[in-house]
Ligand SMILES: NC(=O)c1ccc[n+]([C@@H]2O[C@H](COP(=O)([O-])OP(=O)(O)OC[C@H]3O[C@@H](n4cnc5c(N)ncnc54)[C@H](O)[C@@H]3O)[C@@H](O)[C@H]2O)c1
């Protein structure tokens, strides 16, 4: 028995990092996982990994900012698999130019388009399928940068803060349809995204000194994708049935310190 037996779960940005781990763990818990990813190579590779582990995956190459394309994928999934139980809005970018003094309007709009607007798009497209069955889970991957800032990624902060506020709005609106909407806020995670301008920010001497050795992160290490995927599986599972509109912070204790 898996925690997600029989469920159809959509995961955006499934080709690497957290999306890959979430997809693998959902499949290991019995879900049929629909992988949404703009990178054709990685989405196929993750689908193969899941199949080799005995799970079920359906890969789709998709840019989640393409509303028409996203709509076609959702319709195809609903037609072929007959239901959509869970959407995980995970895809995002962490662009190199992110400060108000250095970015451009185009930079800002690109980040908001992927990191916030596509969350709206995916949710809008799947919600009617969940309403029809009076059942569903929508899980947003936010960030601690949605309520605290490193000071160098304004558009990313704005998008993640928007997701946290939108989680509340969606939870209130969709509760009457038994659709639970929650979010997770990872802290520092070791994924390809943690490489900024060619440097993995979780491995620099300053990072190790402050966050690890001096325990700014009380658990004394950066997070791994698997540290978040279990939380997402919980939110998608029947163990989570009376909680909606919430943000679960998965940061090794970082935001509990001062
Ligand atoms: N890595 C961290 O430290 C960290 C911390 C907090 C929150 N997060 C959040 O976790 C989520 C996953 O991050 P990650 O670290 O795994 O990042 P990542 O860059 O390793 O993976 C993101 C995936 O999303 C895909 N993607 C990006 N834009 C897309 C688009 N337009 N359409 C479809 N797919 C797209 C990428 O191709 C990639 O496969 C993101 O929402 C991120 O903001 C990450």
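A few remarks follow.
- Helix 225-236 axis versus longest C-alpha principal axis of the chain: approximately 40°, rounded to the nearest ten.
- Taking 143, 155, 149, 123 and counting other C-beta atoms within 10 Å, the order from fewest to most: 149, 123, 155, 143
- Computed from label points 7 Å out along Cα-Cβ, the spacing between residue 210 and residue 148 is 1.2 nm.
- Rounded tilt (10° steps) of 40-52 against the dominant C-alpha axis of the chain: 70
- Interatomic Cα distance distribution for the chain, bins of 5 angstrom, percent: 1, 6, 13, 18, 20, 17, 12, 7, 3, 1, 0
- Helix 154-174 axis versus longest C-alpha principal axis of the chain: approximately 30°, rounded to the nearest ten.
- Ascending count of other beta-carbon atoms within 10 Å, so fewest first, for 141, 74: 74, 141
- Anisotropy class of segment 47-164 from Cα gyration tensor, a/c 1.5 cut: prolate
- Cut-off 15 Å, label 7 Å out along Cα→Cβ of residue 124, residues of segment 70-101 by amide N: 70-72, 74
- The distance between label points at residue 51 and residue 1 comes to 3.1 nm (points 7 Å beyond Cα on the Cα→Cβ vector).
- Fewest-first ordering of 107, 85, 209 by other beta carbons within 10 Å of each residue's beta carbon gives 209, 107, 85.
Every read-out reported here was derived from the displayed coordinates using simple, explicitly stated rules and does not represent laboratory data. Keep in mind the model is a prediction, meaning the values are calculated, not measured. In this analysis, Cβ positions are derived from the backbone assuming ideal geometry, glycine residues included, and neighbour counts consider all displayed protein chains.
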